[in-house]
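We did not get these values from a lab; they are worked out from the coordinates using the rules stated. Since the model is a prediction, treat every value here as computed from it, not as a measurement. Here the Cβ positions follow ideal geometry from the backbone for every residue, glycine too, while neighbour counts run over all protein chains shown.
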Amino acid sequence: MLNYCTCLLRAIVWRNTDTSNEKNMIQYAPTFARFFPAGHSLKAIIHFSQIALGDDLYYFKKFDYGKTENLRIYGSNQPQAYNLSLIKHKVTIMHGNKDRYFTERAIDMLKTKLENSEFVNVLEYNGWGHVSFIVGKEIKLMVDDIQDQLVHNKVHL
């Protein structure tokens, strides 16, 4: 298993191509370091890293415990994919066009897997990368969009 710090840095920063928020990332790094991973379990962070660093970013799968434990827990050497077709609710996908994790291809694949959702809405933020949703200079824009979605009953939080 990769060491915790390596997983975290590679998963969050390495693939992020958004440079417009670089100052914010540097400015808030000490705060994140002081409180992170507050509110997150180590297992959740490792699970995110498994997906982010895996061969297929478009495959939402269960936690990978390794072949032996996977066989015991899942009855298979590999963790299974989550069945996103079971989601029936309204969904809003918010993404940045500079996000290397969540590309247009990923959005199209996700929308296909959400085939039974009542409504799928996509909001794209120009120039935003994956980390922009945490430390973006224009975070108020996203908050305003969420409020708009709630007011017009397009999304449930």
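Check each of the trypsin sites (Lys or Arg not before Pro) in the stretch 46-145 and keep only those in coil by DSSP with at most 14 other C-beta atoms within 10 angstrom; list them in order. Answer by residue number: Lys88, Lys137. With the biggest extent put first, the Cα atoms of the stretch 58-126 measure 43, 28, 13 Å across the principal axes. Sequence-ordered 3J(HN,Hα) estimates for the stretch 116-130 from the Karplus curve with 6.51, -1.76 and 1.60 and θ = phi - 60° stand at 9, 5, 4, 7, 10, 10, 10, 10, 9, 10, 5, x, 8, x, 5 Hz, glycine and proline given as x. With a Förster radius of 35 Å applied to the C-beta separation of Leu71 and Met109, the computed FRET efficiency comes to 0.80. Between amide H atoms placed 1.01 Å from N, distances below 5 Å from Val91 occur with Phe119, Val120, Asn121, all of them 5 or more places distant or on a separate chain.
Annotation: amide H-H contacts under 5 Å for Tyr82 (H modelled 1.01 Å from N, sequence separation of 5 or more, or interchain): Phe60, Lys61, Lys62.
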